[in-house]
Structures are given as C-alpha cells and as structure tokens.
Amino acid sequence: MAGPAPFPAFTELWHTDTYSTIDPKRPELSVNGKKVVITGGAAGIGRGISQAFVDAGAASIAILGRRADKLQETETALQASSKTIKVTTYVVDVVDEAAVKEAADHIGAWDILVSNAGYMPEMVSVIDSDVSEWWKGFEINVKGSFNVCHSFLPKRNPQAALISISAGSLHIPTPYQCNGSGYNASKFAALKFFEILAAENPDLHVVSMHPGVVDTDMFRKGSMRPPSMDTVELGSHFAVWLCSEEAKFLRGRMVWCNWDVEEMKAKAGRILSGPLLTSTVEGWGSP
C-alpha cells in the first residue's frame, strides 16, 4: 500500500508494502551469479532479505546468526524456494572477532554484504539502565559491525555493495527518543562508521537503510507504536534495489524503505550536491 506520509518525510509518497519498482524479480535488479552474505539473516527482517536475494537470482547466500535452529529453518526454506541457490549457514556472534574472521575466510569472495545483526537494549531511562545491558547495544551494533567489515572487506569482489540495516528512529527528534539512549546512540555511531567506510573505499557501494517497522522480536521489545506497520517484503525488496545501478546516487547515505524510489531518483542531484541524508551536526559553517 502507498499513500501520503504519516509525518514529515523525504518523499510525499509513503509505502508500507512492496511495489513493482523494487520487485526483486525485475531484470534490472537481478543479482544473477552474485554471492551474498547476510549477518543476522536467520529470522525477521534478515530472513526476509535473504529470501529477496534468492528471488533476485543470487548464486549463493551465506548467513551468519547466533541460533543454529533458526539458521537451519531458514536454510531449508530458502533451498526449497529455489532449485539453484546454494545456502550456507554459520553459527557466529558478530561480537566474536575470531569467529567472524573464520567465517569470512571460509566464505571467501563476495559481491553483496548485508550488515543486519543488531540489538536493542532495554528501553529505560539512562539513570535506570543496567550498564551491561546498555553497553550490549554498542557491542553488537558498533563492534559487531566493525568486526564484520574488518574481516569481510578484504575479500570483496570488484564493485561490491554493502547494505547496513539502520534505525529510522535516528531521524526522529531527540525528545521522542527518551528511554532509547542505548539503542539510538549505538545505531548513530554505526551510521557514522558506515559513512566513513564509504569515504575510505570509493569502489564500495555503501548505503544504510531503515527497513521499516515490522512485527519482529526487536519491535515487540521496544515501546514505539507507529501509525502503521510495514510488511517484511518492503524492506527486504528495497535492500535488493539499493544494490542496483539505479541506487548508485545514494552511496554513503541513509534512507528509509518507505520513501518512494521514483521521488528519490528525481532528487538525485540535490542529494549528491551536499551532506543531505548523512549524519552531521547542524550549523557547521554557519555564521
């Protein structure tokens, strides 16, 4: 479904479900012959993204996750949906540097990497937060992202793409982020990390994306109650579109899957002319 945005947004048209432009079976979005790696890909949005890349014709998908049972379920489902896909799974916690490196060495060269593994600490005020629980957001969202990129980037094929699953709450005014300091601060740090990664590696197509509001375990853990929910297919298919030639103008930016693709393409010149859709402190350079 699509209609007017429920609150101020970058595009006038707002999507809550997939649509033809981001259909992974569109020939223009084909990833035929490409090797895909997805962290946190065994459940929820990660599993949806895994299926979307199968639908787009990926040659192989390697999935990293912490739960062997969920990995096995997803592997079975993906293999059943395609006669040609090769699926491998790795029981890996992205915080474990050695385990991530071992998986990267085993997987070898890749074309598309989706950094999806994430964690939402308990949603309470700073003063009421448990230190270990609060810091776990940084361990998984920031250190985990670093571990994955540090081990996998040297093995990328030419013209590789890296999609980071971020959080739409980063765009929401701070007064509405109360009780979410552990999640939002760690996600903001990860966002800047991926922006710098893009600057350091001009041959790598890096985009951060909000995958929509989907009924997952992480969503139920939080306190956010949005005006509408999104299908898992919306963010999953949008991730495939971000890897296409059509989305090259979004390199180094953060976008929402709800934003209309055609409207964003029409604003490509504006996006590329400055720091729009990047994490900056407003006011720099002002008199």
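Each reported figure results from applying straightforward, stated rules to the coordinates on display, with no laboratory input. These figures come from a predicted structure and were not determined experimentally. Cβ sites come from the backbone with ideal geometry, for glycine too, and all protein chains shown count toward neighbours.
Quick notes
- Comparing Leu64, Leu78, Leu276 in a Gaussian network model of the chain, where Cα atoms under 10 Å apart are tied by springs, the biggest mean-square fluctuation is seen for Leu276.
- Longest segment of the chain lacking GluC sites (Glu not before Pro) that sit in a DSSP loop with at most 13 other Cβ atoms within 10 Å: 13-281
- Legend: calculated FRET efficiency, Val95 to Gln72, from the Cβ-Cβ distance at R0 = 22 Å, rounded to 0.05, equals 0.50.
- Correct choice for mean projected area of the Cα convex hull in nm² that was computed from the model, options [x] 13.9; [y] 15.3; [z] 18.9: [y]
- Taking the chain as a Gaussian network of alpha-carbon nodes connected by springs under 10 Å, the highest mean-square fluctuation of the residues Gly48, Gly274, Gly235 belongs to Gly274.
- Over 21 Å between alpha carbons, listed pairs Lys101/Lys187; Lys187/Lys265; Lys70/Lys187; Lys35/Lys136; Lys34/Lys248; Lys101/Lys192: Lys101/Lys187; Lys187/Lys265; Lys70/Lys187; Lys35/Lys136; Lys101/Lys192
- For the chain, the 222 nm mean residue ellipticity estimated from helices alone, with every DSSP H stretch of n ≥ 4 adding -39500 (n - 2.57) and the total spread over all residues, rounds to -10500 deg cm²/dmol.
- Simple spin-label estimate for Thr84 and Lys265 in nanometres, 7 Å along Cα-Cβ: 2.5
- In a DSSP loop and with at most 10 other Cβ atoms within 10 Å, the trypsin sites (Lys or Arg not before Pro) in the stretch 61-110 are Lys83.
- The chain: relative contact order in percent, alpha carbon pairs under 8 Å with at least 6 residues between: 22
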